[in-house]
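The values are calculated or read from the model by the stated rules, or taken from the named source; none is laboratory data. The model shown is predicted, which means the values in this text are computed figures rather than measured ones. Cβ placement follows ideal geometry from the backbone for every residue including glycine, while neighbour counts extend to all protein chains displayed. When the accessible area is computed, the model is the full protein with side chains, heavy atoms only, and any ligands, DNA or RNA have been set aside. Shrake-Rupley method; radii C 1.70, N 1.55, O 1.52, S 1.80 Å.
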Amino acid sequence: MLDKTVMYSKHQQKEREFAAEHVRRFQEWTYGVDYLMFYNVGARVWIQHSLKVWEGAEVVEDYKEKILKVATEDGKLHELSVSSDEKLPPLRNPDILIGENDLTSLSYLHEPAVLYNLEVRFCRQNSIYTYCGKWF
């Protein structure tokens, strides 16, 4: 009989592999096969932060050999070791979309983009209502 923890960890691994494959296919479908071209100097990304959850950063060197060098908005440099292309940090939306009323109009609709947009709307613009798509 298999140990439940072993079964659970195998299940988690399969879920992670499925999610990574889904992300890869989505990126290929959305951006074409070469979506990595977006990770060059000047690209804006979100990186994980222990207190803020997500922090804005800008790519300072083109992504190559599983290394992405970024500078956060407060000027700190980070060298991110990326285990696979699917693990690259999420891209940020253009400035023109910051605080957008309609979340479905964001170029990139992922966790950091939604959280940041809601923060801007609720905390900075004092706009308490945000549209997030049609409900059926």
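Brief remarks follow.
- One residue stands out in the range 78-101 among those that are hydrophobic (A, V, I, L, M, F, W, C) and surrounded by 11 or more Cβ atoms within 10 Å (Cβ to Cβ): the one that is nearest to LEU118 (Cα to Cα), namely ILE98.
- Of the strands (runs of 3 or more DSSP E) lying entirely inside the range 30-89, those carrying at least 3 residues that are touching a strand residue (DSSP E or B) at 6+ places or on another chain (Cβ under 6 Å), free of Cβ contacts under 8 Å to residues at least 24 places away in the same chain and not hydrophobic (A, V, I, L, M, F, W, C) are 53-64.
- Applying the criterion of being free of Cβ contacts under 8 Å to residues at least 24 places away in the same chain and charged (D, E, K, R) to the residues of the range 102-136, the residue that is least open to solvent (accessible area, probe 1.4 Å) is ARG121.
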